[in-house]
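**Q** Structure below; questions to follow.
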Amino acid sequence: QRVLRLAEMCRRLETEEEKVLPFYPSSLAEGEQRDAQRVLEEMPAEPLAWAMRDYVGLERFWQRFNKVKLEEQALVRERTVLSQRNRQLRELLRQYLVGISVSQEVLSEPNPL
């Protein structure tokens, strides 16, 4: 019941795009998808594979989880790039303001403009 409540809470926070198309399309070719499905339907021989069959229902959860992790990494990279650009722009603005201001300190130094 707790998992269902959390899922409902998360559902309310999804964007319209996530509600319509919640997962990325598979990168597997059609033949590869059939092969993967056939392997999933086979009876496993190893104990670990038997244990994994209990968690097949969580496949969509892990797809969504991994999608969020990928988006998080993309946002971290974008933030880094934007921070660097912000620093560059601030430095250019500082140079411009120093160049247009008139004071004894500025007059004694070479003008950057």
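The values are calculated or read from the model by the stated rules, or taken from the named source; none is laboratory data. Remember, it's a predicted structure, so these values are computed and weren't measured experimentally. When we count neighbours, we look across all protein chains shown, and the Cβ atoms used for this are built from the backbone with ideal geometry, even at glycine. The accessibility values were calculated without ligands, DNA or RNA, using every heavy atom of the protein model including side chains. Shrake-Rupley method; radii C 1.70, N 1.55, O 1.52, S 1.80 Å.
One line per residue, one yes/no per condition, for (1) in a helix (DSSP H, G or I); (2) modelled with pLDDT of 75 or more; (3) touching a strand residue (DSSP E or B) at 6+ places or on another chain (Cβ under 6 Å); (4) open to solvent by less than 100 Å² (accessible area, probe 1.4 Å):
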site	(1), (2), (3), (4)
E18	yes, no, no, yes
L28	no, no, no, yes
Q33	yes, yes, no, yes
A49	yes, no, no, yes
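**Q** Right, here's the next one. Need pairs with beta-carbon distance below 7 Å; first residue within 21 Å of P110 (Cβ to Cβ) and in a helix (DSSP H, G or I) and within region 82-99, second open to solvent by less than 100 Å² (accessible area, probe 1.4 Å) and not basic (K, R); sequence gap 6+ or separate chains.
**A** Every condition considered, the pairs that remain are Q95/P112; V98/V106; V98/P112; G99/N111; G99/P112.
**Q** Any idea which of (1) more than 30 Å from V3 (Cβ to Cβ); (2) open to solvent by less than 90 Å² (accessible area, probe 1.4 Å) is the one R94 doesn't satisfy?
**A** (2)
**Q** Moving on. Which one of N111, N66 is at pLDDT below 75 and among the polar types (S, T, N, Q)?
**A** N111
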